[in-house]
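Below is one structure, written out as structure tokens; the observations come after it.
No lab work stands behind these numbers, since they all come straight from the coordinates. Nothing here was measured: the structure is a model prediction, and the numbers come from that model. Reconstructed Cβ throughout: ideal geometry from the backbone, glycine too, with neighbour counts over all protein chains shown.
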Amino acid sequence: MTDSTTTYTGPERVFSGVQPTGALHLGNYLGALKKFALLQHDMECIYCIVDLHAITVFQDPKTLADQTRHIAAAYLASGVDPAKALVYNQSAVRAHTELAWYFNCVARTGWVNRMTQFKDKVGKNAEKASVGLYTYPVLQAADILAFKATHVPVGEDQKQHLELSRDIAQKFNNDFGVPNFFPHPKPLIDGPGAKVMSLRDGTKKMSKSDPSDASRINLTDDADAIAKKIRKAKTDTGDVPATMKELEGRPDIANLVGIYAALANISEKDVLAQHAGSQFGPFKAALADVAVEAMAPITDLMSRYLADPDELDRILSKAGDKAAEIADPIVADVRKIIGFRGA
């Protein structure tokens, strides 16, 4: 449905969000947080802790606030500067929920029915899932368009949701005769080194929901924990291959090579050139050294931020106020466009 010829002339703006559920890990850092820190130097960036999305499944009220602070600490420890980018929690800005309702009335049920991620999550238990889980791609569209964001960092699993955001923007603009009011946000696709797999199974993504803590490197893991997990990471038989061609079909060692390259800021070819023919023991030791060196500053900053929840709350509140200053006038314009009395 999206019309690629539509031209939006507003400012370029990045929006992205992370749910406050579970501990963030190396995959989150390389796939998202590191990129977020780089983007802030080139574009206006708004980074949200999407606590409204989190409650599509039950969250313990006693821990939700701390989980939110944990994600904020991860953003900041990964290099996101609150003086350059906004880091706030979604529920602090009412524009998200208000615009989501308007978009619920714009989006078509057929569009939402096509969202494969809902089907993947609920399986045969769709009737027991919350309505929020079903409609959360519409809230996601509101998250993005409440700020008229033009670019969204996404992985493969979120590209369909971003396309829905584009369709909603297009239909709103068409329905109400306001060409180019909402932009059609563009994806910023994950780059090299962004896809990190489980240390226990190189065919599965590293996940904070994996029951095995050994499957991931948490951003709060100390040097000993990081080294131990890498030593125990799954490999196959043989040694480190010499070429990328030889790496094909070997997901476990390919994962470790990819992690090495991303953390050392070199190519996978360079990693293979340095370690071709090496046994896995020495290679893992070298990878552990690289990982500890790269992650230690992040772990240290995480610990310092988490030890000062009042400072995290101050940063979140200040950014939430600034986010509302951007989103509230946009949603006020939406009310006028729709035709609400007194808008």
Exercise. Could you give the distance between the Cα centres of the stretch 208-228 and the stretch 109-147, to the whole Å?
Worked result: 30 Å
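What size of dipole, in debye to the nearest 20, comes out for the stretch 101-249 about its Cα centre when the only charges are +1 on Lys and Arg C-beta atoms and -1 on Asp and Glu C-beta atoms?
Numbers: 23 positive and 19 negative charges, 60 e Å.
Dipole of the stretch 101-249, to the nearest 20 debye: 280 debye.
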Exercise. In Å and whole numbers, how far do the C-alpha atoms of the stretch 259-343 stretch along each principal axis, longest first?
Worked result: 73, 33, 15
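Quick check for me: using +1 on Lys/Arg Cβ and -1 on Asp/Glu Cβ, what's the dipole size of the chain about its Cα centre, in debye to the nearest 20? Intermediate results must be reported in sequence, preceding the final value.
Values: 40 positive and 42 negative charges, 164 e Å.
Using Cβ point charges on Lys, Arg, Asp and Glu, the chain gives about 780 debye.
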Problem set entry | the stretch 137-294: C-alpha pair distances exceeding 21 Å, % | 55 percent
Problem set entry | Highest average packing first - 108-114, 86-92, Cβ atoms within 10 Å | 86-92, 108-114
Exercise. Given the options V57, V152, V196, which has the most mean-square fluctuation in a GNM of the chain, springs set between C-alpha atoms less than 10 angstrom apart?
Worked result: V57
Problem set entry | Highest to lowest packing among 41-49, 170-178, scored as the average C-beta count within 10 Å | 41-49, 170-178
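Give me the one-decimal Kirkwood hydrodynamic radius in Å for the stretch 211-253, with the sum taken over alpha-carbon pairs. Intermediate results must be reported in sequence, preceding the final value.
Numbers: mean 1/r = 0.0825 Å⁻¹.
Taking the inverse mean of 1/r over all distinct Cα pairs, the stretch 211-253 comes out at 12.1 Å.
For the stretch 26-72, what does the alpha-carbon gyration tensor say about shape, rounded, prolate or oblate, given a ≥ b ≥ c as the root eigenvalues, a/c under 1.5 as rounded, and a/b over b/c as prolate? Walk me through the numbers on the way to the answer.
Working: a/c = 2.68, a/b = 2.14, b/c = 1.25.
Because a/c hits 1.5 or more and a/b exceeds b/c, the stretch 26-72 counts as prolate.
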Exercise. Which of K159, K34, K232 moves the most in a Gaussian network model of the chain with Cα springs under 10 Å?
Worked result: K232
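Please state the shape class of the stretch 56-188: rounded when a/c is under 1.5, otherwise prolate if a/b exceeds b/c and oblate if not, all from the C-alpha gyration tensor. All intermediate terms of the calculation are to be shown ahead of the outcome.
Working: a/c = 1.76, a/b = 1.15, b/c = 1.53.
It is oblate, given that a/c is not under 1.5 and a/b is not larger than b/c.
Percent of Cα-Cα pairs more than 38 Å apart in the chain, please.
On the way: 12353 of 58653 pairs.
When all Cα pairs of the chain are counted, 21 percent exceed 38 Å.
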For this session: Note down the magnitude of the dipole of the stretch 213-303 about its Cα centre, charges +1 on Lys and Arg C-beta and -1 on Asp and Glu C-beta and zero elsewhere, to the nearest 20 debye.
Result: 220 debye
Problem set entry | Taking the stretch 187-339 and dividing mean pair separation by its residue count, relative contact order in percent (alpha carbons under 8 Å, at least six apart) | 22 percent
Exercise. Any idea how far the Cα center of the stretch 156-187 sits from the one of the stretch 253-284, in Å?
Worked result: 41 Å
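State the dimensionless ratio Rg/Rh of the stretch 213-303 (Rg: radius of gyration of Cα atoms; Rh: Kirkwood radius). Kindly include the intermediate steps, with their values, before the conclusion.
On the way: Rg = 13.0 Å, Rh = 13.4 Å.
Result for the stretch 213-303 is an Rg/Rh of 0.97.
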For this session: Could you calculate the contour length gain from I189 to A296, that is, 0.36 nm times the residue separation minus the distance between their Cα atoms, to one decimal place in nm?
Result: 35.8 nm
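Counting only C-alpha contacts under 8 Å and six or more residues apart, can you give the relative contact order of the chain as a whole percent?
Details: 520 pairs, mean separation 78.3, N = 343.
Averaging sequence separation for qualifying contacts and normalising by length gives 23 percent for the chain.
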